[in-house]
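For reference, the structure is listed below as C-alpha coordinates.
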Amino acid sequence: MTAKRSIRLLASYYRKCARFAVFVILLASFAIPSVLASGPGSLNLSPDINVNANSSFGCGFPLFPSSGSYQASGGVSGSGTYSGNVYFEGSITIYGHDQSTDKPEVQTLALPQSDFGPSPISFPGQSQAAVVNNPQVSSDFCKPFIDSYTYWVAASSQSGCFTGAWLLANSTVTVSVTSGSTQMFQLVTEMPLLNGTTLDTTA
(Lines give C-alpha, C1' and ligand atoms only; values in the text may rest on other atoms or scores of the structure.)
Protein backbone atom coordinates (compact mmCIF):
# COMPACT_ATOMS: atom_id res chain seq x y z
CA MET A 1 0.00 0.00 0.00
CA THR A 2 1.44 3.31 -1.08
CA ALA A 3 1.53 6.39 1.07
CA LYS A 4 -0.94 8.26 -1.17
CA ARG A 5 -3.49 5.45 -0.96
CA SER A 6 -3.16 5.33 2.81
CA ILE A 7 -3.79 9.07 3.04
CA ARG A 8 -6.87 8.77 0.78
CA LEU A 9 -8.29 5.96 2.97
CA LEU A 10 -7.73 7.96 6.15
CA ALA A 11 -9.36 11.03 4.60
CA SER A 12 -12.37 8.98 3.52
CA TYR A 13 -12.65 7.40 6.98
CA TYR A 14 -12.43 10.84 8.59
CA ARG A 15 -15.22 12.25 6.34
CA LYS A 16 -17.52 9.33 7.19
CA CYS A 17 -16.88 9.73 10.94
CA ALA A 18 -17.48 13.46 10.73
CA ARG A 19 -20.83 12.98 8.94
CA PHE A 20 -21.90 10.41 11.54
CA ALA A 21 -20.90 12.72 14.41
CA VAL A 22 -22.91 15.59 12.94
CA PHE A 23 -25.91 13.28 12.55
CA VAL A 24 -25.67 12.17 16.22
CA ILE A 25 -25.33 15.78 17.43
CA LEU A 26 -28.42 16.82 15.46
CA LEU A 27 -30.46 13.98 16.96
CA ALA A 28 -29.27 14.84 20.47
CA SER A 29 -30.21 18.49 20.00
CA PHE A 30 -33.82 17.43 19.46
CA ALA A 31 -33.97 14.72 22.13
CA ILE A 32 -32.19 16.35 25.09
CA PRO A 33 -34.54 19.35 25.54
CA SER A 34 -37.58 17.08 25.69
CA VAL A 35 -35.91 14.89 28.32
CA LEU A 36 -34.97 17.89 30.44
CA ALA A 37 -38.42 19.43 30.07
CA SER A 38 -40.18 16.27 31.25
CA GLY A 39 -38.45 16.45 34.65
CA PRO A 40 -39.08 14.02 37.52
CA GLY A 41 -42.77 14.86 37.74
CA SER A 42 -44.65 16.78 40.43
CA LEU A 43 -45.43 15.79 44.00
CA ASN A 44 -47.89 17.60 46.28
CA LEU A 45 -47.78 16.91 50.03
CA SER A 46 -50.75 16.78 52.39
CA PRO A 47 -49.28 16.39 55.88
CA ASP A 48 -51.64 15.72 58.79
CA ILE A 49 -49.55 15.55 61.97
CA ASN A 50 -50.93 15.84 65.49
CA VAL A 51 -49.03 16.62 68.70
CA ASN A 52 -50.21 15.59 72.18
CA ALA A 53 -48.89 16.64 75.59
CA ASN A 54 -48.26 13.82 78.07
CA SER A 55 -47.99 14.38 81.84
CA SER A 56 -45.44 12.34 83.71
CA PHE A 57 -46.60 9.55 86.02
CA GLY A 58 -46.65 10.70 89.64
CA CYS A 59 -46.17 14.33 88.66
CA GLY A 60 -45.38 16.49 91.69
CA PHE A 61 -44.48 13.62 94.04
CA PRO A 62 -40.95 12.95 95.31
CA LEU A 63 -38.89 10.29 93.56
CA PHE A 64 -41.16 10.39 90.49
CA PRO A 65 -40.23 11.78 87.06
CA SER A 66 -40.55 15.56 86.92
CA SER A 67 -40.90 16.06 83.17
CA GLY A 68 -43.67 15.21 80.74
CA SER A 69 -43.36 14.99 76.98
CA TYR A 70 -44.82 15.97 73.62
CA GLN A 71 -45.60 13.15 71.18
CA ALA A 72 -46.35 13.32 67.45
CA SER A 73 -48.64 11.10 65.40
CA GLY A 74 -50.35 11.15 62.04
CA GLY A 75 -48.82 10.94 58.60
CA VAL A 76 -48.16 12.45 55.20
CA SER A 77 -49.96 11.69 51.95
CA GLY A 78 -49.03 12.78 48.47
CA SER A 79 -50.46 13.27 45.01
CA GLY A 80 -49.02 14.15 41.65
CA THR A 81 -47.30 12.75 38.59
CA TYR A 82 -44.02 11.73 40.22
CA SER A 83 -43.14 8.04 40.15
CA GLY A 84 -40.38 6.53 42.26
CA ASN A 85 -39.04 6.39 45.80
CA VAL A 86 -39.99 9.16 48.24
CA TYR A 87 -38.03 9.91 51.42
CA PHE A 88 -39.51 12.16 54.12
CA GLU A 89 -37.94 14.44 56.69
CA GLY A 90 -39.31 17.21 58.90
CA SER A 91 -39.42 19.09 62.18
CA ILE A 92 -42.02 20.31 64.68
CA THR A 93 -41.76 23.48 66.79
CA ILE A 94 -44.03 23.22 69.84
CA TYR A 95 -45.19 26.23 71.87
CA GLY A 96 -46.50 25.14 75.25
CA HIS A 97 -46.67 26.08 78.93
CA ASP A 98 -46.80 24.56 82.40
CA GLN A 99 -50.36 23.98 83.61
CA SER A 100 -49.42 24.84 87.19
CA THR A 101 -47.40 28.02 86.75
CA ASP A 102 -48.26 29.16 83.18
CA LYS A 103 -44.53 29.35 82.40
CA PRO A 104 -44.03 29.08 78.63
CA GLU A 105 -41.67 26.78 76.79
CA VAL A 106 -40.64 26.06 73.21
CA GLN A 107 -39.53 22.57 72.21
CA THR A 108 -38.31 21.25 68.86
CA LEU A 109 -39.16 17.72 67.79
CA ALA A 110 -37.01 16.57 64.87
CA LEU A 111 -38.50 14.17 62.33
CA PRO A 112 -35.64 12.31 60.64
CA GLN A 113 -36.21 9.71 57.94
CA SER A 114 -36.30 6.93 60.54
CA ASP A 115 -39.45 8.48 62.07
CA PHE A 116 -41.44 7.82 58.90
CA GLY A 117 -42.66 4.44 57.82
CA PRO A 118 -42.44 2.91 55.36
CA SER A 119 -39.21 4.60 54.31
CA PRO A 120 -39.02 5.08 51.47
CA ILE A 121 -42.48 4.78 49.99
CA SER A 122 -42.64 3.68 46.37
CA PHE A 123 -44.95 6.35 45.04
CA PRO A 124 -47.62 5.88 43.86
CA GLY A 125 -47.66 2.10 43.63
CA GLN A 126 -46.72 1.05 47.17
CA SER A 127 -48.56 3.62 49.22
CA GLN A 128 -49.71 7.22 49.19
CA ALA A 129 -49.22 7.67 52.92
CA ALA A 130 -46.24 7.63 55.26
CA VAL A 131 -46.94 7.20 58.98
CA VAL A 132 -45.11 9.15 61.70
CA ASN A 133 -43.88 6.53 64.17
CA ASN A 134 -44.90 8.38 67.36
CA PRO A 135 -41.64 10.27 68.08
CA GLN A 136 -41.51 12.40 71.23
CA VAL A 137 -39.49 15.10 72.95
CA SER A 138 -39.27 15.86 76.68
CA SER A 139 -40.92 18.88 78.27
CA ASP A 140 -39.46 21.15 80.94
CA PHE A 141 -42.56 20.53 83.07
CA CYS A 142 -44.34 17.46 84.41
CA LYS A 143 -47.76 18.78 83.25
CA PRO A 144 -47.19 20.42 79.86
CA PHE A 145 -49.94 22.02 77.81
CA ILE A 146 -49.80 22.78 74.07
CA ASP A 147 -50.78 26.24 72.84
CA SER A 148 -49.77 25.80 69.18
CA TYR A 149 -47.23 24.09 66.98
CA THR A 150 -45.74 24.49 63.52
CA TYR A 151 -44.39 21.65 61.45
CA TRP A 152 -42.76 21.28 58.05
CA VAL A 153 -42.27 18.16 56.00
CA ALA A 154 -40.00 17.74 52.97
CA ALA A 155 -39.99 14.97 50.37
CA SER A 156 -36.94 13.88 48.39
CA SER A 157 -36.17 11.35 45.69
CA GLN A 158 -32.79 10.52 47.30
CA SER A 159 -32.01 9.42 50.84
CA GLY A 160 -30.39 12.13 52.94
CA CYS A 161 -30.60 14.78 50.21
CA PHE A 162 -33.36 17.34 50.72
CA THR A 163 -31.99 20.18 48.57
CA GLY A 164 -31.38 20.87 44.93
CA ALA A 165 -32.64 18.60 42.18
CA TRP A 166 -33.56 15.79 44.61
CA LEU A 167 -36.07 17.89 46.57
CA LEU A 168 -39.55 16.95 45.37
CA ALA A 169 -41.75 19.09 47.65
CA ASN A 170 -42.05 20.67 51.10
CA SER A 171 -44.98 21.88 53.16
CA THR A 172 -45.43 23.99 56.32
CA VAL A 173 -48.51 23.86 58.59
CA THR A 174 -49.32 25.92 61.69
CA VAL A 175 -51.84 24.55 64.21
CA SER A 176 -53.39 26.67 66.97
CA VAL A 177 -54.57 24.49 69.85
CA THR A 178 -55.91 27.05 72.32
CA SER A 179 -55.87 30.75 73.12
CA GLY A 180 -56.25 32.88 76.22
CA SER A 181 -55.93 31.71 79.81
CA THR A 182 -56.50 28.05 80.55
CA GLN A 183 -57.07 28.72 84.24
CA MET A 184 -60.88 28.52 84.47
CA PHE A 185 -62.90 27.64 87.56
CA GLN A 186 -66.62 27.11 88.07
CA LEU A 187 -68.24 28.10 91.39
CA VAL A 188 -71.60 26.56 92.23
CA THR A 189 -73.40 27.90 95.33
CA GLU A 190 -76.64 26.66 96.84
CA MET A 191 -78.81 29.51 98.17
CA PRO A 192 -81.53 28.95 100.81
CA LEU A 193 -85.15 29.84 100.10
CA LEU A 194 -86.33 33.05 101.79
CA ASN A 195 -89.99 33.71 102.39
CA GLY A 196 -90.85 37.34 101.75
CA THR A 197 -94.15 37.80 103.59
CA THR A 198 -94.28 41.47 102.73
CA LEU A 199 -94.16 40.88 98.97
CA ASP A 200 -95.89 37.49 99.18
CA THR A 201 -93.03 35.90 97.18
CA THR A 202 -90.37 33.27 97.63
CA ALA A 203 -86.79 34.11 96.66
Exercise. Starting from residues that are assigned to a strand (DSSP E or B) and in contact with a Ser or Thr (Cβ under 6 Å, 6 or more places away or on another chain), keep the ones in the stretch 118-131 and report whichever is surrounded by the fewest Cβ atoms within 10 Å (Cβ to Cβ).
Key: Ala129
Quiz item: How about the stretch 75-97: which of its residues are polar (S, T, N, Q), part of a strand (DSSP E or B) and more than 18 Å from Phe162 (Cβ to Cβ)?
Solution: Ser77, Ser79
Exercise. Can you give me the number of residues within the stretch 115-158 that are among the hydroxyl-bearing types (Ser, Thr, Tyr), touching a Phe, Trp or Tyr at 6+ places or on another chain (Cβ under 8 Å) and modelled with pLDDT under 95?
Key: 1
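Could you check the stretch 94-113 and list, in sequence order, the residues that are exposed (fewer than 15 other Cβ atoms within 10 Å of the Cβ) and at pLDDT 95 or above?
To start, the set of residues in the stretch 94-113 that are exposed (fewer than 15 other Cβ atoms within 10 Å of the Cβ) comprises 100-104, 106, 108, 110, 112.
Answer for the stretch 94-113, where residues must be exposed (fewer than 15 other Cβ atoms within 10 Å of the Cβ) and at pLDDT 95 or above: Asp102, Lys103, Pro104, Val106, Thr108, Ala110, Pro112.
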Self-check item: Selection status of Ser34, surrounded by fewer than 16 Cβ atoms within 10 Å (Cβ to Cβ), outside any loop (DSSP other than H, G, I, E, B) and modelled with pLDDT of 95 or more
Solution: no
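One residue is enough: does the stretch 98-117 have a residue meeting the conditions in a loop (DSSP other than H, G, I, E, B), assigned by TED's automatic domain parsing to the domain that holds Ser148 and among the aromatic types (Phe, Trp, Tyr)?
Start the filter on the stretch 98-117 by keeping residues that are in a loop (DSSP other than H, G, I, E, B), which leaves 99-103, 112.
When the remaining residues are screened for being assigned by TED's automatic domain parsing to the domain that holds Ser148, the result is 99-103, 112.
Now narrow it down to the ones that are among the aromatic types (Phe, Trp, Tyr): none.
Looking through the stretch 98-117, none of the residues is in a loop (DSSP other than H, G, I, E, B), assigned by TED's automatic domain parsing to the domain that holds Ser148 and among the aromatic types (Phe, Trp, Tyr).
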Quiz item: Out of the residues in the stretch 60-76 that are among the polar types (S, T, N, Q) and at pLDDT below 95, which is farthest from Ala154 (Cα to Cα)?
Solution: Ser66
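The values are calculated or read from the model by the stated rules, or taken from the named source; none is laboratory data. Remember, predicted model here, so these are calculated numbers, not experimental data. Ideal geometry is used to build each Cβ from the backbone, glycine not excepted, and the neighbour counts take in all protein chains shown.
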